[in-house]
Amino acid sequence: MSVIIKYRFTGNYGFLFCELMDHNKISWVKVFFNLNFYCPNFYTMKIIQFLFLSVILLSCNSAKNEIEKIEIPLKGNNVKILAEIVDFEKFVPLETNPGGIINTVHRIFVTKTSDFLIFDKKGEAIYLFSPEGKFIRKIGKKGNGPEEYSVPLDMAYNIEDDYIYVLGDSKIMIYSSKGNFIKKIKLKFYGSTIWYFHNNLLVHRVGMYNDGFDYSLVKISMNGEIVSNLLPLIPTKGDFNFLPHNNFTYSNNNVRFFRAFDCTVYKYDGNKLLPDLIFDFGNFNAPEDLLSKCTSNKEFFQILQSESYIHSIEEFVESKDYFYVLFRLRDKAFSLYFNKKTGDYLKYFHQNFQDIFFQLGPISATPDFFINIYYPYFKSSQNLNLSFRQKYSKKLMEESVYEEYTKLYSLDIKENPVIILTIPKF
């Protein structure tokens, strides 16, 4: 948040304007101070006015929130294979069990017992796997019963109580990782994604649902009551939206959050939501009036393809020492790994023709590792030119990593995905 100070003297009046704004112009606050003193000595009056203005100036500056602006030139700092950026620490093939067939991993958490808790949004199911990848159980089931979830949209996890929160159609179902049903929370509005934080839930929504609610992010209690409205919806013409994946992450004792049509990452400490990181792509930043020109998803993406704009970050994942960002320019996907201690970063272009791991990108993290997902069925995609990728990558990566890849490549396309834990090495 930036703070702009303007002040002037006119006779017996002192004026000071303190403008607080965020970079997206979501809200503006203008404070006007009128100092009118009766003072027998003109110069004494001026001194008093100066002292009062100094106090106000210091107060305004103390409210300033430091925002880190990260400039990302699209040229340079690109690497050709992922193994140049990260070390592959562990490969965990998930057991292919009839009770736990995974389509896509939308959310993944590590429980207090180091098990993997997985939300398969496409398959509309929640599964628990051991640290070695052995299938343990399916949690809850889809249906219309009193203890069942319908249309699951997202999942959050409370590691202290071992509670799982399943966001559905205007309700949240709570289970334990042992599969026990705990509670049902009714909502008065529709949500898109969810996150647990300090005995409350943060619910994000991507657009209007004709429910009279115009906020993008809210905090609710465990009874479903709205505790605070944190961020208004970005106004758009027509009913269109873009849903980013995994738009919550823990950062120390805070939560970081991002949303569609925005290259800002916000920080929430339990009281205030403030802009924290801004990704600046220079000439490729989307213009501020882009949304006002569009009336549909089709029109929006047509403009992006024709004008070469980066309209949003699509993933933001954070570990103790690094964070990861995914963004797209037209049909090109880029991953950015950022070292929080040094400020150094490296970019990886996913559509290159050299790497065998070009589909990988973190979707979650522990304090020490990034969590990636490898899908065996991906090798059946067209135009992969795998023989060339294998030949090129083998020269540049450690033999042990290449051997693990050959195991992945030998998996049948109908088998469950593989969890890969990575650590950046720069």
From the options D355, D331, D368, residue that is within 14 Å of V86 (Cβ to Cβ), modelled with pLDDT under 90 and acidic (D, E)
D355
Please work out which one of (1) touching a Ser or Thr at 6+ places or on another chain (Cβ under 9 Å); (2) part of a strand (DSSP E or B); (3) surrounded by fewer than 21 Cβ atoms within 10 Å (Cβ to Cβ) is the condition L326 fails and give its number.
(3)
Which of (1) outside any strand (DSSP E or B); (2) closer than 25 Å to Y337 by Cβ; (3) at pLDDT 95 or above is the odd one out, the single condition K75 does not satisfy?
(3)
Search result, residues across the stretch 242-272 that are of a type in the set (F, W, Y), surrounded by fewer than 20 Cβ atoms within 10 Å (Cβ to Cβ) and in a strand (DSSP E or B):
Y250
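For every residue, the table says whether it meets (1) on the phi > 0 side of the Ramachandran plot; (2) modelled with pLDDT under 95; (3) within 11 Å of the chain's Cα centre (by Cα).
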site	(1), (2), (3)
D211	no, yes, no
V218	no, yes, no
S221	no, no, no
G224	yes, yes, no
S228	no, yes, no
L231	no, yes, no
L243	no, yes, yes
N253	no, yes, no
C263	no, yes, yes
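Inspect all residues belonging to the stretch 314-321 and state whether any of them is among the polar types (S, T, N, Q) and over 20 Å from L243 (Cα atoms).
Yes, that holds for at least one residue.
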Subset of the stretch 329-355, residues among the aromatic types (F, W, Y) and assigned to a strand (DSSP E or B), comes to F334, Y337, F338, Y345, Y348, F349
Among the residues of the stretch 193-202, is there at least one that is assigned to a loop (DSSP other than H, G, I, E, B) and either at pLDDT 95 or above or in contact with a Ser or Thr (Cβ under 9 Å, 6 or more places away or on another chain) (or both)?
yes
Hits in the stretch 84-100 - residues which are buried (at least 21 other Cβ atoms within 10 Å of the Cβ) and over 24 Å from the mean Cα position of the chain (by Cα)
L94, G100
State the number of residues belonging to the stretch 109-135 that are under 24 Å from Y250 (Cβ atoms) and assigned to a strand (DSSP E or B).
11
When both residues are 6+ apart or on different chains and their Cβ atoms are under 7 Å apart, which pairs have a first residue that lies in the stretch 134-151 and is touching a residue at least 40 places away in the same chain (Cβ under 8 Å), and a second that is of a type in the set (D, E)?
F135/E95; G140/E148
Criterion violated by P275 - all others in (1) at pLDDT 90 or above; (2) surrounded by 14 or more Cβ atoms within 10 Å (Cβ to Cβ); (3) assigned to a loop (DSSP other than H, G, I, E, B) satisfied
(3)
Identify the residue in the stretch 374-426 that is among the charged types (D, E, K, R) and surrounded by 14 or more Cβ atoms within 10 Å (Cβ to Cβ) and, among all such residues, is modelled with the highest pLDDT.
E415
F300 fails exactly one of (1) of a type outside the set (V, I, T); (2) within 16 Å of L329 (Cβ to Cβ); (3) touching an Asp or Glu at 6+ places or on another chain (Cβ under 9 Å), namely (3)
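The values are calculated or read from the model by the stated rules, or taken from the named source; none is laboratory data. No experiment lies behind these values; they were computed from the predicted model shown. FYI the Cβ positions are ideal-geometry reconstructions off the backbone, even for glycines, and counts take in every protein chain you see.
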